[in-house]
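Here the structure is laid out as structure tokens; the discussion comes afterwards.
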Amino acid sequence: MPISKNINRYINNSLIRGKLCRWDKNSVFVFITPITGSAANKEFMYSQVERAISSWNSILRANNIPVQFLKVLQAEQADIVVHWVKVGRVYEGMCKYLSVVGTSLKKISIDIGLPNYYGRETTDLSIYCAIMHEFGHALGLGHGVEVDDIMFVPHQKNISTPSDNDILVLKQIYQQHFS
Ligand SMILES: [Zn+2]
């Protein structure tokens, strides 16, 4: 797909308090809160976060963006804490920027919705795509402008890999790393 003619809107959507913001360190520590209680698919859900982290790491490496997610076992050490939320309505995820200093991301919280028990049409792929999308936010991306963008909302298709638009904006965000 060619780069969207609305790419500037995507860049605009990625501004946090008027600026593109990024991690200014190579290793970003992620703590995945254990899932307590009787969620039917908790191993599956946990594994999808690990899978998303590892996919983003490959994508970042392939595009020479010097940032990698690293799983840690203590929340206190983490830059990003993944929480699980149980709700009785459609809720896939939410990324909150808890601390941003200048243009540096410092602390992020990601909520992932546990599939509920009310007959919602969630699929394994849609869960994975939603987690990929939230970690896109965690890298500093805002919402995309084309249906093929992993950061597009609402998801029209099950997009599990970033588009050229996603990558271009990500490179734009991290270009200061190279200067
Ligand atoms: Zn989003």
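Tabulated data
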quantity	calculated
5 angstrom amide H check on G93, placed H, neighbours 5+ away	G113
Highest-MSF residue in the chain out of L114, L70, L125 [GNM, Cα springs under 10 Å]	L125
For the chain, alpha-carbon Rg relative to the globular expectation (2.2 N^0.38 Å, N residues)	1.00
Percentage relative contact order, region 7-178, counting C-alpha pairs under 8 Å, at least six apart	26
Dipole magnitude of the chain, debye to nearest 20 (Cβ charges: Lys/Arg +1, Asp/Glu -1, about Cα centre)	440
Distance in nm between pseudo-label sites at H83 and R17 (7 Å out along the Cβ direction from Cα)	2.1
Computed lengthening from L70 to S160, 0.36 nm per intervening residue step minus Cα-Cα distance	30.4 nm
Longest segment of the chain lacking trypsin sites (Lys or Arg not before Pro) that sit in a DSSP loop with at most 16 other Cβ atoms within 10 Å	26-88
Karplus 3J(HN,Hα) series, Hz, for region 24-29 with 6.51 cos²θ - 1.76 cosθ + 1.60 (x for Gly, Pro)	9, 9, 7, 9, 10, 7
Charge sum, other residues only, whose C-beta stays under 9 Å from M94's C-beta, Lys/Arg counted +1 and Asp/Glu -1	-2
Among N41, N13, N158, residue whose mean-square fluctuation peaks in a GNM of the chain (springs only between Cα atoms under 10 Å)	N41
Carbon + sulfur, % of accessible area of the chain - ligands and nucleic acids excluded, 1.4 Å	52
Net +/- balance of residues flanking F44 in space, Cβ distance below 14 Å, scoring K and R +1, D and E -1	-1
Positive-end extreme of charge dipole, region 7-178 - chosen from H133, V28, A62 (charges on Cβ)	V28
Inter-centroid distance (Cα atoms) of region 64-83 relative to region 142-173, Å	22
Mean ellipticity per residue at 222 nm, deg cm²/dmol - from DSSP H runs of n ≥ 4 across the chain, formula -39500 (n - 2.57)	-9500 deg cm²/dmol
Percent antiparallel among DSSP beta bridges (both partners in region 7-178, rounded to 5)	40
Residue-normalised accessible area of region 1-91, expressed per residue, 1.4 Å probe, Å²	56
GNM flexibility winner over the chain from A138, A52, A62 (Cα, springs under 10 Å)	A62
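The values are calculated or read from the model by the stated rules, or taken from the named source; none is laboratory data. Not measured: the values here are computed from a predicted model. Virtual Cβ from ideal backbone geometry, glycine too; neighbours counted across all protein chains shown. Keep in mind that these areas ignore ligands, DNA and RNA; they rest on the heavy atoms of the full protein, side chains included. Shrake-Rupley method; radii C 1.70, N 1.55, O 1.52, S 1.80 Å.
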